[in-house]
Every structure is written in C-alpha cells, then in structure tokens.
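The values are calculated or read from the model by the stated rules, or taken from the named source; none is laboratory data. The shown structure was predicted, so the numbers you read here are calculated from the model rather than taken from an experiment. Cβ placement follows ideal geometry from the backbone for every residue including glycine, while neighbour counts extend to all protein chains displayed.
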Amino acid sequence: MCGFVVKIGKDAPSDRVRLEQNLELIHHRGPTESGLSETEDSVLWGFKRLSIIDLDSSHQPMSRKDGKYNITFNGEIYNYLELRQELMERHGVEFETKGDTEVILAGYEVWGPDVLQRLRGMFAFVIYDRDANLCFVARDQFGIKPLYYQQEGESIWFSSEKKALPGRADRSTVDVENVGHYVTFQYPPEPGTMHSTIKRLEAGHYALFRPGTTMRPQRFFRPMFHPKPVGNVELLYDEIAEALRESVRIHMRSDVPVGALLSSGIDSTAIVALSREINPHILTFTAFFEGLDSDPNQPDELAVAQQSATELGVKNIPAPVSFHNVMAELPRIVWHLDDPVADPAIVPLYFVTKTAAENVTVALGGEGADELFGGYTIYHEPHSLKSISRLPRGAKSTLAKVSNALPDGVKGKSFLERGTMELEDRFIGNAKIFTGDEKQSILRYPAPSYRQITDPLWEETAHLDPTSRMQYVDLHTWMRGDILVKGDRMSMAHSLELRVPFLDKGVWAVAEKIPVEHRLRGVQTKVAMRQAMKRIVPQAIVERPKMGFPTPYRQWLAGPMFEWVDQLFAQSQAGHLLNLEYARTLLREHREGKGDHARKVWAVMVFCIWYSQLDARTQGTQPQYNAGM
C-alpha cells in the first residue's frame, strides 16, 4: 500500500521540485520510504511506500530490462505468487525481487495489457515502456484504489490522491455541476471530482497512450450480474463459503501483522471468522461512542462485536470515539477525503482505523458484501411496492396525486410516492440527500439531473430484474463514490492498509450468478450468503438485520454541534454555490424537532468545511484550525 505522483511529458525545470513538494502531501500513504527517479526527459516518478511484502526489496519506482520497463504501483496483488510461478516456468522470466510489483511489470512484458485479466487484487499503477515510448495506466476492477489525473499542457500528471496534483484545484475551478450531484448523491460521482481540472480513472479502466497525446480510457471489467437457476442450494452455499474462504486466505498474505475491523454485522464477522482459521490470534478492532445514553431500540455495537469476538476466540480492541475528538478531527478528516463525502460513518471509521494502525499494518474489512450479495433493505422495494407499481398508468397517476396532497409525515405518503414512481426515478443509489424542489432550494444555480449519472447504468441492465439493476447502480455509484473512498482515505490517513476480501474476482464469480430469490427473501437480505456463513459465524449474527453504524450525528446537530454549525454556515464563503440561509433553516428545524434534516445539514456542513480548506490545499498545506467548541 503506497502513494505516488507521476508526471508524463516533456520536463520543465520546476517539475521535479513541484513533484517532491506534492509527494510530501501524501506521506501518510507511505511513511516507510520515499523514491524519486526520472526516465530520460519523458517521465518523473515520485513514490511513498508502506512496506507490506518483500520488506527489504521491491523498492519503487521500479524498473526492469535495464530501464526499458518502469512502474509505480499502489495496492496489492494477492495472486502474485501464482503469477510469479507461471511467469518463471512457462515464460522463463527471472526475478530480482520477491514482491508483487515486479510481477505486474514482468506480466506486462509477457502479456501486455492482457495482464489486467490475470491480476487478483486492488491496484492503481503507471507503467512506462521507454523503448516504445508508451504509457500504460490502470485501476482495479472495483475501484478499491484511487487514481487521479490532470492534464497540464502536453503533460499529464497522475497521483494516488487529488491533493498531490500540481494544477489549480482552488475555488476558481470548482465544478458546479458536480456540486449539484454532490447534494443529491453525497459525493461527486466518477469520473469527475469537485474540480473541473481533475478527473479520476474509473474503476475497471485502463489507458494506453504516448506522452503528448490524448489519454483515452477503456473499460476492461464490467461487474454485470448473470443470475442462473439454482439446482442444489447446498452446493451454492458451499461455493460461496469456499470462494470467500479462499479470498480471505490470499488476502492474509503479508510480511507484517494483519488484523480485522469488526462491527456487529455479518460481513465483518464472517471475515474475522475465516481469518482466524489462518491466524487464531488475529486482533480485531471495534469503534464505539463514549458518553452516549443507551438506546433500548438500538443494539450496542461494541457489546455485539465483543460477544462475537469471544465466541470466535479472538481478541477485540475497542476504539473509543468522543464528541470532543470528533470536533477536533473533523477538518483533518475532510482534508484526507480530498473531495467532500457526506457519510457520517466516516467518523467512526477514522477512529477505528487509527486504533488498528497502532497495533497492525494491515486490516481486513467487510466492504462490498452488500452490493454483491444484496444487503440493503431498499433492494426489497421491487417486491414491497409491487401492489402499486403493477397498476395501470392511470391508477398510478391518481395515487401520485393523492400522495402529493398528503402532508409530510403522514403514514403511507412515502409508500404511495415511491410506488407510483418509475424505478429509474426513485432509485439513484443508496444515498439520496436533496431531492426535487429541495435540491433547487439549496443550490444557487439550476440543478443538474441525477439521470445524467444513472441513465447509462439503467440502459446497460434493461435485461435484468429490478433488484439486480439496483445493485448494479450501487456498484457504479454508491460503492465507488462512498464506501471505497472512505475506506481508502480513512485507513491511509493513519498509514494502515485496508483490504476488502468480498471485492475479489473469485467471490464475484459466485455472487454474479446468484438469482434474486436467493439474495432477498421476505424481510431478510443476503440470504444465500447468510446461509453459507451459518457454520462459520455465530448464529445470532447470521440472523441479525442489517444496521448502519449508529453514528449519533442527529443528536450532535440538534445539541452540542448546533451553534458551531450555524456559525459555519453564516461565515462560509460558499454562499454563491449553496443557499446557506436555507441550510440554517433546516438546522434550526432539526433542533426544534420539526423535521429530521440531519443528513441534509451534515452534507452542507462537510461541503463548507471542504470549501474553507481550498486555499490551504492550493498552497500545499494541511488545515491548521480546530473545529472544537
């Protein structure tokens, strides 16, 4: 796990200095060692390493064949031992190191871009073939690892984080269209960012180009569902269990200590249960909030996780999260995100990965299980709304008018509203913050349509059942823009490598063919996966309904955070982009109990913190102020 900055194109005298300075902004991604090199006058390489495998070798930037092939690489290739063996035995390749970086480079020598079809892992890399004057950049199948790029004249810069790119990422280049998408999705969707000058290489894409020419990304992987009838259901459960067991096994490959994040849910518990088969002494880590009154209707996250750890025979280390620490760290959390992501679950993730990093260098997480196996309760909607959605168009139109006439909060209004909407209009991914008139109320300019983002995804899945289509949308929006961004940034903020065994080619090969009736049944989610885990995970966890991590941001915004957030909105210079008086009204109504506006207020708050930091980002510094009360 590392970070890099690469500049491709004719060298300017100041480029090396800029690269070295910007590389220090991502020191947290690789505090073990730094690497700098230059390939003639075409490529400048900067690298920060967090040593995980082949600790005494595998230095980057790396080259082979007397400098003909060069690479910087962020991530891990879990099947590198098998690929290394194949390259040696079948192709006579000789290796100078024992790590996975050289395996990618040697694989490119032998297979060219087809090497991507053989890699099993998380990755973002830049390869340069000096003799052919050819660049090859790629990002892993699901988008676990980030890859930003920025055109600068005839040159192009690549980086593991946006903040390390040299061009103007300030207030003058804020992309107003993506601000509009942010208030809907709670993140800027790929391939864009919050700045018009900076893009992301999309997940499952690569580009092959020569310096000075236009880079044209191409897709090499599409996570499309292919549901198939199930003959023997027990064989399906065995197949799921073995695929996940194999994934965990190779995700445990490391020359440094590996731990695991543990929540109250089945996903992380399954990972811990399987990882302890390899390391019975694996350490687990669970976040909990200090100073909160217990809620009889809300399971105690820490108590459930510790019970699971006890039943599995592993040690659990609690990661306390206090309100004071949250307020003190909020600016730094947002700084690490690069672009605003309005998911309150980022807060406990930041603190639990901090605790994990104090004990291990690598941690396993349960990200991706919901998107692959059908874990979100909203995926039930095609079934639960069937009584309305199948009505004739005229009847649905009448019910829609009834819904519009009902006051907000009246029982049944939401059911009628969503049931009379087309799937493509009611579902845009797992988050939908400001909608309709609300979005126009918060924005200072005409709102872009979210259909710009989702329509291509709906078109690609016209042949699938509604639930599979919803999962496909989430795989391309929610998972990429929220789940994996917060996982990467919050763990790397503490120089911790977070590995996600569910997002593995072998696991996907099983998940993609599970029919919807084995993903959802009644009120249960992830049916087949839960059944597969019955012999591995404590029974109480197998049957537990999904719950998001209970971050108490609603109480904070109505109580101890109110004055600070109100002042933030009043003083923010982002008022030309967002209607902050409207945001202050929502904040007051939330405190007075006139409506639950917490998600909307939190989204605006994160944006305002991010916007206030843009000058510091342009100057290449971290924010120095404190959000404390």
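Considered as a group, the residues in the range 382-428 that are crowded, with 18+ Cβ neighbours inside 10 Å and in contact (Cβ under 8 Å) with a residue 60 or more places away in the chain include one that is nearest to S468 (Cα to Cα), and that residue is P382. Just one residue in the set S468, S441 is more than 26 Å from the chain's Cα centre (by Cα) and in contact (Cβ under 8 Å) with a residue 40 or more places away in the chain; that residue is S441. Select from the range 140-160 the residues that are surrounded by fewer than 24 Cβ atoms within 10 Å (Cβ to Cβ), outside any strand (DSSP E or B) and of a type in the set (G, A, S) and list them in ascending order. G153 - this is the single residue of the range 140-160 that is surrounded by fewer than 24 Cβ atoms within 10 Å (Cβ to Cβ), outside any strand (DSSP E or B) and of a type in the set (G, A, S). Listed by position, the helices (runs of 4 or more DSSP H) enclosed by the range 503-614 that each have at least 2 residues that are touching a helix residue (DSSP H, G or I) at 6+ places or on another chain (Cβ under 9 Å) and among the aromatic types (F, W, Y) are 553-558, 562-571, 598-612.
Each row is one residue, and each column tells you yes or no for (1) touching a Leu at 6+ places or on another chain (Cβ under 7 Å); (2) under 29 Å from D338 (Cα atoms); (3) part of a helix (DSSP H, G or I); (4) aliphatic (A, V, I, L, M).
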site	(1), (2), (3), (4)
K401	no, no, yes, no
E424	no, no, yes, no
D437	no, yes, yes, no
Q440	no, yes, yes, no
L464	no, no, no, yes
G481	no, yes, yes, no
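The residue of the range 161-174 that is modelled with the lowest pLDDT, among those that are crowded, with 22+ Cβ neighbours inside 10 Å and not in a helix (DSSP H, G or I), is A169. On the stretch given as the range 54-86, residues that are surrounded by 21 or more Cβ atoms within 10 Å (Cβ to Cβ) and part of a loop (DSSP other than H, G, I, E, B) total 3. Here A319 meets each of (1) touching a Pro at 6+ places or on another chain (Cβ under 9 Å); (2) part of a helix (DSSP H, G or I) with one exception, condition (2). As a summary of the residue check, E459 satisfies the conditions (1) of a type outside the set (A, V, I, L, M, F, W, C); (2) farther than 27 Å from N579 by Cα; (3) touching a helix residue (DSSP H, G or I) at 6+ places or on another chain (Cβ under 9 Å); (4) not assigned by TED's automatic domain parsing to the domain that holds E367 except for the one numbered (3). Between S495, S491, which is part of a loop (DSSP other than H, G, I, E, B) and in the same structural domain as S268 (by TED's automatic domain parsing)? Exactly one residue qualifies, and that residue is S495.
Given the options E96, E177, E109, E102, name the one that is part of a loop (DSSP other than H, G, I, E, B) and either surrounded by fewer than 24 Cβ atoms within 10 Å (Cβ to Cβ) or at negative phi (or both).
Working: E177 fails: part of a loop (DSSP other than H, G, I, E, B); E109 fails: part of a loop (DSSP other than H, G, I, E, B); E102 fails: part of a loop (DSSP other than H, G, I, E, B).
That would be E96, the only listed residue that is part of a loop (DSSP other than H, G, I, E, B) and either surrounded by fewer than 24 Cβ atoms within 10 Å (Cβ to Cβ) or at negative phi (or both).
Out of G313, G366, one residue alone is among the small types (G, A, S), assigned by TED's automatic domain parsing to the domain that holds M492 and over 30 Å from P515 (Cα atoms). It is G313. For the range 1-30, name all the residues that are part of a loop (DSSP other than H, G, I, E, B) and surrounded by fewer than 17 Cβ atoms within 10 Å (Cβ to Cβ). Those that are part of a loop (DSSP other than H, G, I, E, B) and surrounded by fewer than 17 Cβ atoms within 10 Å (Cβ to Cβ): K10, D11, A12, P13, S14. Just one residue in the set D300, D238, D255 is within 18 Å of K505 (Cα to Cα), among the charged types (D, E, K, R), out of contact with any Asp or Glu (no Cβ under 6 Å at 6 or more places or on another chain) and in the same structural domain as T525 (by TED's automatic domain parsing); that residue is D238.
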